[in-house]
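Notes follow the structure.
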Amino acid sequence: MQVRYRVALSDFIALNLYLNKKSGVGRSRYLIAWLGLPLLCSAGAVRALQLDREGPAFFMVGVAVLWLIVTPYGYRDALARNVRTFVKKLGGRGIIGERALVFTEELLVAISETFRTEVRWENVQGVEVVGEHTYIFIAGISAVILPRCGFDSDEEYEAARDFALRKAGDRQRD
């Protein structure tokens, strides 16, 4: 089976946000970004109270509370902005654009304007369906992105997704 589709910048961003959320490192970085400043502000507030400086103590507590509320909303946007900047610096070629996939019983072949990747199904790390995307992980964090909206029809997307899921399931049973 062969399919053609398009990967948009939003699809590449979705993959990176998913990988960040899924990885232990991503969660750790998020917790540090979310809790680091409030912990420092709390320690500063305690010290300010020890010195009978209530004004600065209340200010630091206010900053800590505001940070705890705002950071969960801004963190994801900041990550997406970083991915956009990364793609813009590279010009997008090979990251976004037209793709062709060739599925055989033995191989997955992914073709873009800048690369051609062949991987045997037994070497595929996994296939995950996340919302309107299917990710075929070929090595570590390297993945073939199948975005539903990038295909000409839902049927074509579903056929590609189902083939990949079947082959990944076959691999797990071996």
Name the residue that is farthest from E106 (Cα to Cα), counting only residues in region 1-26 that are open to solvent by 50 Å² or more (accessible area, probe 1.4 Å) and more than 15 Å from the chain's Cα centre (by Cα). R6
Matching option when the condition is over 19 Å from S10 (Cβ atoms), in contact (Cβ under 8 Å) with a residue 12 or more places away in the chain and either open to solvent by 60 Å² or more (accessible area, probe 1.4 Å) or not in a strand (DSSP E or B) (or both), among V63, V119: V63
So G126 ticks every box in (1) open to solvent by 50 Å² or more (accessible area, probe 1.4 Å); (2) not assigned by the TED database to the domain that holds L17 but one. Which box is left unticked? (1)
Does R76 qualify as being open to solvent by 70 Å² or more (accessible area, probe 1.4 Å), touching a residue at least 40 places away in the same chain (Cβ under 8 Å), closer than 25 Å to L146 by Cβ and outside the structural domain of K167 (by the TED database)? yes
Of all residues in region 51-60, which are touching a residue at least 12 places away in the same chain (Cβ under 8 Å) and either touching a strand residue (DSSP E or B) at 6+ places or on another chain (Cβ under 9 Å) or open to solvent by less than 100 Å² (accessible area, probe 1.4 Å) (or both)? P56, A57, M60
So, first residue at positive phi in region 86-98, second residue loosely packed, with under 14 Cβ neighbours inside 10 Å, Cβ within less than 6 Å, six or more apart or across chains; the pairs are G94/T114; G94/F115; G97/E113
With respect to R29, determine if the residue is open to solvent by 50 Å² or more (accessible area, probe 1.4 Å), among the basic types (K, R), over 30 Å from I111 (Cβ atoms) and out of contact with any Lys or Arg (no Cβ under 6 Å at 6 or more places or on another chain). yes
Identify the single condition in (1) surrounded by 19 or more Cβ atoms within 10 Å (Cβ to Cβ); (2) under 20 Å from the mean Cα position of the chain (by Cα); (3) in a strand (DSSP E or B) that A164 does not satisfy, given that it satisfies every other one. (3)
Looking at the structure I just gave you, is E106 at pLDDT below 90, touching a strand residue (DSSP E or B) at 6+ places or on another chain (Cβ under 8 Å) and of a type in the set (D, E)? no
Note on A100: of the conditions (1) at pLDDT 90 or above; (2) surrounded by fewer than 13 Cβ atoms within 10 Å (Cβ to Cβ), unmet is (2)
Any residue at all in region 21-31 that is part of a helix (DSSP H, G or I), closer than 25 Å to V124 by Cβ and hydrophobic (A, V, I, L, M, F, W, C)? yes
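The values are calculated or read from the model by the stated rules, or taken from the named source; none is laboratory data. Note that the structure is a prediction, hence the values are computed from the model and not measured. Every residue, glycine as well, gets a Cβ built from its backbone with ideal geometry; the counts of neighbours run over all protein chains shown. Calculation scope for accessible area: heavy atoms of the full protein, side chains included, ligands and nucleic acids excluded. Shrake-Rupley method; radii C 1.70, N 1.55, O 1.52, S 1.80 Å.
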